[in-house]
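Inspection log for the structure reproduced underneath, given as structure tokens.
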Amino acid sequence: MMPTWPAATPAAGVSPSNSYAATYSAAPAFTPVQVRQSFAQPYGNPAPSYSVTHNYASSQSSPTASTNYASASAVNAPPQEQPKKKIYWPESVRNYVQRSFIPANMEPSVTRAEMETKLKETITQATEKGVMYTLNWDTMPLPQQMILEERVRMAAFSRPPHPHGPATGNSSSPTSASKKRKSSDLTDAANLAAMPPWRSAQGVRLEDRVTFSKDKRPNVDEPADNTSKLNKFEKRQKRFNGGYTSAYRSPSPPPSDGPVVGTCQDLEKRYLRLTAAPKASQVRPPHILRQTLELLKKKWKKDQNYSYICDQFKSMRQDLTVQRVRDDFTVEVYEIHARIALEKGDLGEYNQCQTQLKALYKLGLKGKPNEFKAYRILYFVYTANRTELNNALADLTAAEKRDPAIKHALDVRSALALGNYHRFFQLYNETPNMGAYLMDMFVGRERLAALCNICKAYKPDVPLRFVTEELYFESDMEAAQFILDHNGQELLQEKEGTIMFLTGKAGQLFEGARAQAFSRVDIKGQI
Amino acid sequence: MEVGAPVYREFGEAWEDNDGYRLARTLSPDLTPTQLSNIYQSINPDAGNWRNSQEDNVKGAIKRGLQASSARVKGLTNDEIKGWTDVYYAYWTAAGSIASARTQGQSAGGQSLWTEAFEQWKKLVNALIQGYNNHGFEAWTIPCLYVAGKQLRLFAMLADDERNKNALENDSANAFQDDFDPEADKHQKLEDCARVLNRVFTICLNDRAPLEESRKWGIYYIINLLFKTYFKLNSPSLAKNVIRALSAGRGDMPDFYNFPKSQQVTFKYHEGVLHFLDENYAEAEKHLTEAWGICHKNATRNKELILTYLIPCHLITTHTLPSENLLKPYPRLQKLFLPLCKCIKKGELHAFDLALQEGEDEFVERRIYLTLERGRDIALRNLLRKVFIAGGFMPATEGEKPVRRTRIPVAEFAAAISLGSKERVDNDEVECLLANMIYKGLMKGYIAREQGKVVLSKSGAFPGTGV
């Protein structure tokens, strides 16, 4: 288990670069898995301190919660005593609901989801006020009428809600330097398909795929000790910066009678695990959340502050959950959060999103089910979860199996199952979307497995270059470093100008490391 | 009015003999709808003291019936009678629901008749659990738990089916409910059933009475029900918890082999499959072989199920294939395994891939796909062996046994591998496959990369195959 780093005593040389993170404490937000170290980007940009967050809502009349995030006590207010028993809707209410969905009464500009939300809101309010049985439901305006009225009021009152469209980001020119798709350029997978596969020519190097600026990652050709020092530094940074502790699990308040309908107008909200039924004044309605998402996308691109982004996304997800909003927008929020979590190697958070996404796709909502189904397979390959892997296979339709991303993931699975490391590393090189972040998680252990194979099978030696190429190391240097890291210094020898790897003498050298690498993967929140 | 009398008579007689199975029959829902509704109508809830509620009236009637019929039985305490009254009251209510579900189940679609039957039956199971916990029910009566548990599972599945069929119609009503995962909703009642069965499991497991009169004798029947439920729910991991709880208390458990054979077979089968799913093939083989050994010779379906997992196990552990003779009585298994077996035997790599693809859906459904896939190694081994044999012998030296050619160019293996698919496989990939063979001990020798050759062992290049 990771040692927890008290945020108050950062290791020497690490300045608290981020006051936001500093307000959180102790345990790391996610279990650091073996990510390729070079991806761990030092969080250089000091993010704005949380208490002085720009008040995006100030332009709007927001009488409620004046960005006082510390008002946790309000959330923790004694729970409203709500009986858990099921409600029986009076006949008049049922008729009202039915009336709303009669085709003749439908309003084309109002979606079904909006109507359902509105209906819930109306009925919940009636229940809470105890007027369910006294209200004249027959003369009650239909939800679509209410929504239209509200829209008119809204337009006069404040900015219209952001149309929910594709991100504005740098989707126009996917540069050759960002081969591994960044979550911050939230481009469609289709755009990516058009991109040349990375390293189609041998000349393009692995580091070109890396999302972060080159100078931040250790130079592979530098001596070993230097590299490890850099790694340590980055690890420390990561621990420190990622060390926020919001409660981990999804909220589990006591079941209430109906979904909340939020009235909060603030764009940003800190995540707090609910211990009581949520208050409408602290929950943001969907149209505000859409603005929040736009804001967060911009911030992520600009600051890359994962602790902040993750926290904000969690609170967004919470607001959506408590309002029971399950529509295309919900999918978008989960997808973006999942991608960001992937990029940062936060598999615990990724897995939560993935589980929800699976359920959301089942509802037939739009999104990128194929992209995420492919991740799901890779994820189960990583966690070696056979039961889930089998379930994932059982879920696929014939059409889905032909989808490039899913097919790739399936090929990866089968290559590994058959021990075909040659094929595996070719596939590693051709990973679509952000799957490479997942594959990075297990490429190390697969290299060890392949090395074990090679040592047992080849006698007396192979050129080091062969290892480099078969296992897709970036350079002979990196391959050599990998061998050295596992105490293989005796096995490298120069012979007539080429460096040879003495496989015949390796014996059981890599077996221990291999067994260890394949032992249980521990991820918080893992299914 | 007196149609309930046979029930009471049976009750009394079962008690005289302490015959649990006979007692359990009085709680059977396997009656015709007419019989069931007769039971339901045998007591007029409105007869009796008008100041009491219907429930009290019915219970009063049942209690009188039970007392009358068991008057001669010694040792049946008032407390027990009270418990059994609750049980039969629940049975009486459930009988009404089941009868209407059986008669109207098909015609009056849209109504949740089976859900109602399930809920009522659940009350019966709970009344039994209460009886064992609070009213001192004796251990010989556990067959009642068998009947109750078995039926609970069946009603749960019927209720789930019924709801899923009507799911589309109920959609707008569901919008107000809290269910997030539509998948989870599919097995709502069965999950509920699993929870109830787990309580039954606990009251059997935790009985501290001496073994002769312990509810522990009911444990394997209930475990098997739980296994079936958990497998149906697609959560074998929960089944493992049961095994864990069982092995924790194994010390004071009756000997496994003293339980009925039928329970042993089912238990061993599930235990084997659980190990199988964990890739624990040696353990799996042990349990499955045991199940195979004690399975009744005419239980074709069960034997078929055992073989479904035992055959892939054997493929992994001993690299052996089932004989045609073995599969003769099982056409379904023949269809499942024979195409793959043929390809493995002949070393037809490409045909193997196609056959695996062909059966993929079925293999995945039975959770044997990932295991069978590994049969490709054996197919490859057999193919490489053919290459080796085709290489012939070295020129014989005087007076010695001829020796096979053991230095084989990688290109020859490459040609063999691409023979079936007609696709060129590059030499590096072929070497990778060969390295795997050597690493897994299926082939003895080494690759000399510089010469582009494989040097095979002179004695037993392919262990266990005679060359």
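The values are calculated or read from the model by the stated rules, or taken from the named source; none is laboratory data. This structure is a prediction, so every number in the text was calculated from the model and none was measured. Please note: Cβ atoms are built from the backbone with ideal geometry, for glycine as well, and neighbour counts cover all protein chains shown. Quick note on the areas: whole protein, heavy atoms, side chains included, nothing else; ligands and nucleic acids left out. Shrake-Rupley method; radii C 1.70, N 1.55, O 1.52, S 1.80 Å.
In region B:327-418, the portion of solvent-accessible area held by carbon and sulfur atoms comes to 53 percent [1.4 Å probe, whole percent, DNA, RNA and ligands not counted].
Residues whose amide H lies under 5 Å from that of A:Tyr458, counting only those 5 or more places away or on a different chain, are B:Ile447; hydrogens are built 1.01 Å from N in the peptide plane. Compactness of region B:260-373 is given as radius of gyration and Dmax, 13.8, 47 Å, from Cα positions. Rounded to whole numbers, the Karplus 3J(HN,Hα) couplings from phi for region A:479-490 are 4, 4, 4, 4, 5, 4, 4, 10, 6, x, 4, 5 Hz, using 6.51 cos²θ - 1.76 cosθ + 1.60 with θ = phi - 60°, and x at Gly and Pro.
Rg/Rh, computed from the Cα trace of region A:418-527 with Rh as the Kirkwood radius, has the value 1.00.
Determine the shielding of peptide B:398-409 by partner chains: average, over its residues, the number of Cβ atoms on other chains within 10 angstrom of each Cβ.
Numbers: counts 0, 0, 0, 0, 0, 0, 0, 0, 0, 0, 0, 0.
Counting other chains' Cβ atoms within 10 Å and averaging over B:398-409 gives 0.
Note that region A:446-527 presents 48 Å² accessible area per residue, ligands and nucleic acids not counted, probe 1.4 Å.
Per residue of A:451-457, other chain Cβ atoms within 10 Å of the residue Cβ number 6 on average.
Distance between the modelled labels on A:Gln493 and A:Leu363, one decimal in nanometres: 6.5 nm (7 Å Cα→Cβ projection).
Return the value, in Å² to the nearest 100, of accessible area buried between chains A and B (probe 1.4 Å, both sides summed).
Details: alone 25540 and 24340 Å², together 45970 Å².
It comes to approximately 3900 Å² buried between A and B.
Of the solvent-accessible surface of region A:90-160, computed with a 1.4 Å probe and all protein chains present, 57% belongs to carbon and sulfur. Probing with 1.4 Å while keeping every protein chain in the model, the per residue accessible area of region B:185-244 equals 43 Å².
What you get for chain B, charging only the Cβ of Lys and Arg (+1) and of Asp and Glu (-1), is a dipole of about 1680 debye around the Cα centre.
For region B:61-85 and region B:213-252, what is the centre-to-centre distance using only Cα atoms, to the nearest Å? One Cα centre to the other: 32 Å. Using the Cα gyration tensor of region A:90-160, with a ≥ b ≥ c the square roots of its eigenvalues, what is the shape: rounded (a/c below 1.5), prolate (a/b larger than b/c) or oblate (neither)? Cα axes put region A:90-160 in the oblate bin. Only protein atoms count toward the accessible area here, which uses a 1.4 Å probe; on region B:271-318, the carbon and sulfur part of that area reaches 51 percent. Each Lys and Arg contributes +1 and each Asp and Glu -1, all at the Cβ; summed about the Cα centre of region B:260-373, the dipole is approximately 680 debye. Residue by residue along A:94-103, Cβ atoms of other protein chains within 10 Å of the local Cβ number 1 on average. Amide H contacts under 5 Å for A:Leu492: A:Leu502, restricted to partners 5 or more places along the chain or on a different chain, H placed in the peptide plane at 1.01 Å from N.
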